[in-house]
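Asks: Okay, handing you the structure first.
The values are calculated or read from the model by the stated rules, or taken from the named source; none is laboratory data. On a predicted model such as this, the values are computed, not experimentally measured, just so you know. Reconstructed Cβ throughout: ideal geometry from the backbone, glycine too, with neighbour counts over all protein chains shown.
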Amino acid sequence: MPKKISKRFNPLISALHFAIRRLPAKQATALMAFVLSKAGSSFVKSTNMRRNIQEAFPELEEGKADALANEMLANFGRHIAEVAHIPDFRDGKNGTRIDWITSDGSTFDGKGPVIYVGAHVGSWELSPLLFHQLKQPLTVIYSQNKNPIIENLLAAHRAETGAIYVEKFKALRPCFQALDRSECIALLVDQRVNAGIEVDFFGRTTAITRLPARLATGFNCPIVPFEIIRVAPGHLRVTFQEPILPEGRKGKEAEFDLTQKIANAIEGSITRNASHWFCSKLRWKRADRERMKLQALENATVKPTLKPLSQDEL
């Protein structure tokens, strides 16, 4: 997650936003990639990114992990610039475009009810534009940004996508209503949640939101993993994976099975596009805490204590 940015940075945020809105999209993405790769640690918890990289890709050497974190920051900069140019991508202007592919080559019509799940990969904020092109209603679940200036800018840009946005703590009723109208909903599920279904994710146990599985079993509708990747400057591509089907099942066992399949799909998306992943919120906080406890125990000096031997020990 972004740091709690000091108010002294607000003029800089406003100035950068002013600049990238007036630059062509391709130049704006290049500028923000440079800015975030050089100064991203001032705005983003880059130490958290490195911890997540270590957990997800333990085989990476330290130097390569640092390089990957820097690529992630550069990609996040490009994403920021692309959000500022949503009208261009929406209307296909100034050399921008969004296209799509499916895993089996089938036609995508965007019709629901379908639950789309993704990760903070690529330029995730622009994925609703594909539904806008198809004139299909979409409800997007989002998390509110803690910085008021950034939140207001995001709200203004999201309003240009044509989707309906609901904050995650108020999302349940709008999601039920959307699926009941045979519409679609979309949410990102790669960040840690305090309460959810514990599944295997990159070889570690972690909690993932139960909402997609609960909605899918309730409405017997498919869950479709997706990712939106930058093919080239100004060119984004949405890829839809094979649907995860509840097949009429209900209950905790079905929800666990669906959530594990979601975790597998999201893990695959991140692995394929590691440099496009934005992961500044600790994903494996519990694993990190347990490792620190273990290290503390190993480093502690244990003083032996004498006690009377029991009869069994004699």
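Asks: Kindly indicate whether Glu242 is out of contact with any Lys or Arg (no Cβ under 8 Å at 6 or more places or on another chain), assigned to a loop (DSSP other than H, G, I, E, B) and touching a residue at least 60 places away in the same chain (Cβ under 8 Å).
Replies: Yes, satisfied.
Asks: Based on what the data block shows, is Glu61 at pLDDT below 95 and either of a type in the set (A, V, I, L, M) or surrounded by fewer than 18 Cβ atoms within 10 Å (Cβ to Cβ) (or both)?
Replies: Against the criterion (at pLDDT below 95 and either of a type in the set (A, V, I, L, M) or surrounded by fewer than 18 Cβ atoms within 10 Å (Cβ to Cβ) (or both)), Glu61 qualifies.
Asks: Evaluate the following for Ile185: is it of a type in the set (A, V, I, L, M, F, W, C), crowded, with 19+ Cβ neighbours inside 10 Å and under 30 Å from Gly95 (Cα atoms)?
Replies: Spelling it out, Ile185 is indeed of a type in the set (A, V, I, L, M, F, W, C), crowded, with 19+ Cβ neighbours inside 10 Å and under 30 Å from Gly95 (Cα atoms).
Asks: Given the criterion assigned to a helix (DSSP H, G or I), of a type in the set (Asp, Glu) and within 16 Å of the chain's Cα centre (by Cα), identify the matching residue among Glu253, Glu267.
Replies: Glu267
Asks: Residues that are polar (S, T, N, Q), crowded, with 19+ Cβ neighbours inside 10 Å and in contact (Cβ under 8 Å) with a residue 40 or more places away in the chain: find the strands (runs of 3 or more DSSP E) completely inside the range 78-180 holding 1 or more of those.
Replies: By residue number, 138-142.
Asks: Which condition breaks for Pro225 when tested against (1) over 22 Å from Val166 (Cβ atoms); (2) in contact with a helix residue (DSSP H, G or I) (Cβ under 7 Å, 6 or more places away or on another chain); (3) not polar (S, T, N, Q)?
Replies: Unmet condition: (1).
Asks: Then there's this: Taking the range 23-49 as the region of interest, how many residues are surrounded by fewer than 17 Cβ atoms within 10 Å (Cβ to Cβ), within 21 Å of the chain's Cα centre (by Cα) and of a type outside the set (Gly, Ala, Ser)?
Replies: Matching residues across the range 23-49 total 1.
Asks: Here is a follow-up. Would you tally the residues in the range 43-77 being of a type in the set (Asp, Glu) and either touching a helix residue (DSSP H, G or I) at 6+ places or on another chain (Cβ under 6 Å) or not in a loop (DSSP other than H, G, I, E, B) (or both)?
Replies: Going through the range 43-77 one residue at a time, the tally reaches 4.
Asks: Does any residue of the range 204-218 turn out to be closer than 30 Å to Lys135 by Cβ, assigned to a helix (DSSP H, G or I) and under 16 Å from the mean Cα position of the chain (by Cα)?
Replies: So far as the range 204-218 goes, yes, one or more of its residues are closer than 30 Å to Lys135 by Cβ, assigned to a helix (DSSP H, G or I) and under 16 Å from the mean Cα position of the chain (by Cα).
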